[in-house]
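Shown next, in structure tokens, is the structure this report addresses.
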Amino acid sequence: MSTRKFSTTRSILRFEGTDKAAYWRRFAMLLTLSVIIATMGMLRDSGAVVIAAMLVAPLMTPILGVAAAMVMGWLGRAFNLALIVCGAAILCVLLAWLLVYVADVPRGILIPDQVLARTDPGTEDLIVALAAGVAGAYVQINRSEASLLPGAAIGVSLVPPLSASGVLLYFGEPGEAYEAGLLFATNLGAIILSACAVYIVYAARSMVFSKGRRKLNFTASVTVTLAFLALVVLQLGKSTYNRYLETRTEAQVAQAIRDWADPVSVEVIRIDVNAKRKQADIWLIVDLPIEAAYKVSSVAGLLPESLRETPLVNVLQDQLGPGYLVVVRFQNRIGAQVILGTDAVQQAPDVDEISEEN
């Protein structure tokens with residue numbers, strides 16, 4: 001191995017420098033700041049603030065240190081760094097929960113979208129984490145490409161899932177908190193595995209596998225990492241499949257509602273299907289005839305006869321099955337089409353027709 005490569009390898013393995021205590025103090029400070037920024041950004045539903053937390057987070061370096069120690073066969077160091085990372089992750093969750101508790105955020109409000117965005121991990125997140133691990137390891141080896149490190153940090157997103165987990169525990173959503181923790185576990189395992197591959201390609205094989213014990217240690221550590229990732233992939237596969245089913249079901253339900261309402265204009269605002277919980281949330285706006293503006297009657301009496309003959313609940317049961325709990329939120333509005341310059345007022349065209357014309 002050349003002198004330059006040996007110096008780079010040593011700096012990767014000994015990333016704390018000569019004063020380890022000072023490094024870990026800085027690590028604790030930056031990690032605390034990152035959790036604070038991420039948690040407050042999620043509560044404000046600000047993506048820009050959450051990205052800032054990703055840039056501040058120092059977790060990437062010790063995770064890459066785990067990979068480097070595995071490649072060199074230093075199981076003791078790899079295990080110690082892994083414990084530090086896992087311990088830091090648990091503390092991040094607790095700190096996020098404490099921040100929300102101290103802020104006295106009311107539990108009855110809607111959970112911000114930035115929090116919920118970390119609760120639906122899938123196989124695509126594994127691919128992103130693998131790529132980010134390669135990028136992070138490459139930047140460590142090629143210091144001239146240091147400008148790429150912020151992009152890798154944003155791509156892998158280590159601290160926001162932990163903060164989201166703490167926030168969700170505060171809101172009494174342990175299932176969603178587990179999903180956010182699964183996203184962090186996905187990132188952790190994928191970074192270690194992909195970084196190991198980069199270090200092996202970079203380092204001379206004669207040095208990495210020069211001793212039988214070192215080779216055995218490396219094989220054992222990689223086997224453990226692969227087993228960990230296999231468990232994660234099983235969970236991600238289930239989540240991805242459920243998300244596919246939910247997306248397909250939502251499209252089918254939306255089309256069934258439009259077919260049921262035709263020729264009455266119905267605007268489907270939102271459909272959320274949770275296949276795991278067997279729940280669906282549907283938001284609709286139904287256009288009443290223009291004559292309804294001049295009538296005093298119940299809403300049921302104003303609805304077109306075709307909608308009263310076939311209840312919406314029957315349509316939903318055909319699509320979802322009898323085992324679902326469905327919440328339907330709808331509003332009625334009067335749609336009118338006014339021909340300017342005349343006294344003509346007609347029924348407004350269907351919402352879908354307007355969308356197709358645009």
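A few notes on this one:
- Scanning region 86-135 for residues that are charged (D, E, K, R), outside any helix (DSSP H, G or I) and surrounded by 18 or more Cβ atoms within 10 Å (Cβ to Cβ) gives a single hit, Arg118.
- Residues that are aliphatic (A, V, I, L, M) and in contact with a helix residue (DSSP H, G or I) (Cβ under 7 Å, 6 or more places away or on another chain), drawn from region 250-281: Val253, Ala256, Ile257, Ala261, Val264, Val266, Val268, Ile271, Val273, Ala275, Ala280
- When every residue of region 333-350 is checked against the conditions, at least one turns out to be modelled with pLDDT of 70 or more and within 17 Å of Ala254 (Cβ to Cβ).
- Beta carbons closer than 8 Å, at least 6 apart along the sequence or on distinct chains, pair a first residue in region 69-92 that is more than 17 Å from Leu59 (Cβ to Cβ) with a second that is open to solvent by 40 Å² or more (accessible area, probe 1.4 Å) and in a helix (DSSP H, G or I) for Met72/Arg214; Gly73/Arg213; Gly73/Arg214; Gly73/Lys215; Gly73/Leu216; Leu75/Ala220.
- Considered as a group, the residues in region 235-265 that are assigned to a helix (DSSP H, G or I) and of a type in the set (Gly, Ala, Ser) include one that is nearest to the chain's Cα centre (by Cα), and that residue is Ser239.
Rundown of residues vs (1) of a type in the set (Val, Ile, Thr); (2) open to solvent by less than 50 Å² (accessible area, probe 1.4 Å); (3) free of Cβ contacts under 8 Å to residues at least 60 places away in the same chain, yes/no style:
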site: Thr225; (1), (2), (3): yes, yes, no
site: Leu236; (1), (2), (3): no, yes, no
site: Arg248; (1), (2), (3): no, no, yes
site: Arg258; (1), (2), (3): no, no, no
site: Val266; (1), (2), (3): yes, yes, no
site: Asn274; (1), (2), (3): no, yes, yes
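- Only listed residue being modelled with pLDDT under 90 and surrounded by 21 or more Cβ atoms within 10 Å (Cβ to Cβ), chosen from Leu162, Leu216, Leu188: Leu188
The values are calculated or read from the model by the stated rules, or taken from the named source; none is laboratory data. Because the structure is predicted, anything quoted here is derived from the model rather than measured. Because the Cβ atoms are built from the backbone with ideal geometry, glycine has one as well, and the counts that use them run over all protein chains shown. These area figures cover heavy atoms from the full protein model, side chains too; ligands, DNA and RNA do not enter into them. Shrake-Rupley method; radii C 1.70, N 1.55, O 1.52, S 1.80 Å.
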